[in-house]
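Undergrad: Below you'll find the structure I mean.
The values are calculated or read from the model by the stated rules, or taken from the named source; none is laboratory data. This structure is a prediction, so every number in the text was calculated from the model and none was measured. Methodologically, a virtual Cβ is constructed for each residue, glycine included, from the backbone with ideal geometry; neighbour enumeration extends over all protein chains shown. Areas reflect the complete protein model, heavy atoms only, side chains present, ligands, DNA and RNA absent. Shrake-Rupley method; radii C 1.70, N 1.55, O 1.52, S 1.80 Å.
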Amino acid sequence: MLTATDLERVAHLANLETIEAFGRTVDDRAVDDGAAGRWRTTSARFVPGASPYCTLLLESDAAQQRLCRVEVFETAQPVLLPVERSRADPLLGWVRVTPFPHDPMLPTLARVIERAQPARIVRYRALKRCTLRGTLAGRDCFIKVFPDEQGAVIHRDSEALWAASARGAVAFRVAEPIRYERDERAVWQGVIHGEPIIEALYGSEGIAMARRIGAACGSLPRSSLSPAMRFDWSVQMDRSRRYARTLERYDAGLAAQAGALLDTLAATYDQRPHRPEPRPIHGAPHAHQWLDCGDALGLVDFDRFSIGDPELDAATFIGELDYERRTMVPVPTLVDAFLDAYQHAVGPLDPALLRAYRAHKHLAKALRSVRALRTDSVRRAARALERARGLLAQP
């Protein structure tokens, strides 16, 4: 459970001066020459009782992109890489700072970056994967580096998606698969040229854009594609049970809320009158995955491309809208527009299953909230769980 010491540590780790001090430990240039820039936190996870109990990713705003990983432990830890810097801290315990691209789970990362020059990090999930934008033989491309052979599966599915898009079997564009490098564990893909749909979706064109996305997204379950992965209800429940177990580390009230929510979700699924066959789905088609290419939409990031329930894709898109506050159009109106077009493509959705998948999304939101470096994290997580409960209470 979160203690007073934990909350003191959270406040300290969120402090800008603390972040700047961490960043300086890996910067070999003079602090006052301006070349290093200012450091900021791009992601953070605080999990009491874990080892490390906090992991942060920092990035400098200098012209030359610089990142580092910070791990915080209760006790002293061995040095795993020569470039690491570690020290004891009277409040935090033991701090270990590792400059990017040194990552023991992604040993080929530095080689891929050198090959893709000029390269820029788009998203880095330490020890899990890294997405870069770079060049290959003068061609603009995206590269994803993995710690295992997951990239091989993604590349094979991407080839099938590319062919389906080319013949009009799906109503959106996808990135052209270039190659999979087994020795690098890296997937190389082309670039979809288009503009993010965010401003249009949350602006005066929101209803029309929501309909376009619904129609495009709905073409995928209608296709005959057969992705290698499976993400059905049982996989979702296993994932949510892990989320609930993690919530137990923070607060007894959160644990009780999450446990009751899981019981209701299981009962909701068991009471369904029929279970249609799962179909191909994107797995995470939220608004930030879509591009407006003018005459068509583009869809990116098929890392979760799988066989599953269309309700999951619909719930993912809607679940992100639940937390938006800047739209000129009421969120329920956007939801209705998306669902109308989506169901026109895939057929009627199961309303109870759709609400259940949306509730899973709020459970995931609760976990993200409680792991954040905020002293009100428990309250924010409880609010997300209450939203999930409210969804399942609807007739």
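Okay, residues lined up against (1) in contact with a strand residue (DSSP E or B) (Cβ under 8 Å, 6 or more places away or on another chain); (2) within 30 Å of Ala166 (Cα to Cα):
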| residue | (1), (2) |
| --- | --- |
| Leu291 | yes, yes |
| Gly294 | no, yes |
| Val300 | yes, yes |
| Asp313 | yes, yes |
| Glu320 | no, yes |
| Asp350 | no, no |
| Arg358 | no, no |
| His362 | no, no |
| Thr375 | no, no |
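Undergrad: Filter the stretch 346-371 down to the residues that are open to solvent by 30 Å² or more (accessible area, probe 1.4 Å) and either closer than 18 Å to Leu321 by Cβ or out of contact with any helix residue (DSSP H, G or I) (no Cβ under 8 Å at 6 or more places or on another chain) (or both) and list them by number.
TA: The answer is Pro348, Pro351, Arg355, Arg358, Lys361, Lys365, Arg368.
Undergrad: The conditions are (1) in contact with a Lys or Arg (Cβ under 6 Å, 6 or more places away or on another chain); (2) closer than 27 Å to Pro196 by Cβ, and Gly294 fails exactly one of them. Which is it?
TA: So the condition that Gly294 fails would be (1).
Undergrad: While we're here: Considering only residues that are in a loop (DSSP other than H, G, I, E, B), aromatic (Phe, Trp, Tyr) and either out of contact with any helix residue (DSSP H, G or I) (no Cβ under 9 Å at 6 or more places or on another chain) or open to solvent by less than 10 Å² (accessible area, probe 1.4 Å) (or both), which ones fall in the stretch 265-316?
TA: Scanning the stretch 265-316 gives a single hit, Phe305.
Undergrad: While we're looking at this one, here's another question. Tell me whether the stretch 320-327 contains one or more residues that are over 22 Å from Ala352 (Cα atoms), open to solvent by 10 Å² or more (accessible area, probe 1.4 Å) and of a type outside the set (Lys, Arg).
TA: Yes, because at least one residue in the stretch 320-327 is over 22 Å from Ala352 (Cα atoms), open to solvent by 10 Å² or more (accessible area, probe 1.4 Å) and of a type outside the set (Lys, Arg).
Undergrad: Could you list, in sequence order, the residues of the stretch 94-114 that are without any contact (Cβ under 8 Å) to a residue 60 or more places away in the chain and open to solvent by 70 Å² or more (accessible area, probe 1.4 Å)?
TA: His102, Met105, Pro107, Glu114
Undergrad: Suppose the filter is of a type in the set (D, E, K, R) and open to solvent by 50 Å² or more (accessible area, probe 1.4 Å); does Arg120 pass it?
TA: Judged against the criteria, Arg120 is a match.
Undergrad: In addition: Considering only the stretch 349-368, I want to know if a residue exists there that is of a type outside the set (Ser, Thr, Tyr) and not in a helix (DSSP H, G or I).
TA: yes
Undergrad: So, one more: Please identify the pairs in which a residue from the stretch 374-395 that is over 19 Å from Ser43 (Cβ atoms) and part of a helix (DSSP H, G or I) has its Cβ atom under 6 Å from the Cβ atom of a residue that is open to solvent by 40 Å² or more (accessible area, probe 1.4 Å) and not basic (Lys, Arg), counting only partners at least 6 apart or on another chain.
TA: Within 6 Å, the pairs are Val378/Asp251; Leu385/Gln257; Leu392/Thr264.
Undergrad: Against the conditions (1) buried (at least 21 other Cβ atoms within 10 Å of the Cβ); (2) within 30 Å of Ala14 (Cβ to Cβ), where does Tyr342 fall short? Just the number, please.
TA: The one condition Tyr342 does not meet is (2).
Undergrad: Let me ask you something else. What strands (runs of 3 or more DSSP E) completely inside the stretch 154-263 contain at least 2 residues that are of a type in the set (A, V, I, L, M) and crowded, with 21+ Cβ neighbours inside 10 Å?
TA: Per the criteria, 186-189.
Undergrad: Cβ-Cβ under 7 Å, sequence separation 6+ or interchain: first residue in the stretch 357-372 and within 17 Å of Thr264 (Cβ to Cβ), partner among the acidic types (Asp, Glu). Which pairs?
TA: Within 7 Å, the pairs are Tyr357/Glu311.
Undergrad: Another question, then. Would you say Thr5 is among the polar types (S, T, N, Q), assigned to a helix (DSSP H, G or I) and at pLDDT 95 or above?
TA: yes
Undergrad: Further question: Any residue in the stretch 292-306 that's on the phi > 0 side of the Ramachandran plot: show its pairings with residues that are in a loop (DSSP other than H, G, I, E, B) at Cβ separation under 7 Å, as long as the two are six or more apart or on different chains.
TA: Here the result reads Asp301/Ala284, each pair linking the stretch 292-306 to a residue that is in a loop (DSSP other than H, G, I, E, B).
Undergrad: Here is a further query. If Ser158 meets every condition in (1) in contact (Cβ under 8 Å) with a residue 12 or more places away in the chain; (2) under 25 Å from Val72 (Cα atoms); (3) of a type in the set (Gly, Ala, Ser) apart from one, which number is that one?
TA: Among (1) in contact (Cβ under 8 Å) with a residue 12 or more places away in the chain; (2) under 25 Å from Val72 (Cα atoms); (3) of a type in the set (Gly, Ala, Ser), the lone unmet condition for Ser158 is (2).
Undergrad: Would you mind telling me which numbered condition in (1) modelled with pLDDT of 95 or more; (2) in a helix (DSSP H, G or I) Phe22 fails?
TA: The single condition Phe22 does not satisfy is (1).
Undergrad: Counting residues that are touching a helix residue (DSSP H, G or I) at 6+ places or on another chain (Cβ under 7 Å) and more than 30 Å from Ala4 (Cα to Cα), which strands (runs of 3 or more DSSP E) fully inside the stretch 33-120 reach at least 1?
TA: Result: 54-60.
Undergrad: Please go through the stretch 78-93 and pick out each residue that is closer than 22 Å to Pro48 by Cβ and open to solvent by 50 Å² or more (accessible area, probe 1.4 Å).
TA: Arg87, Ala88, Pro90
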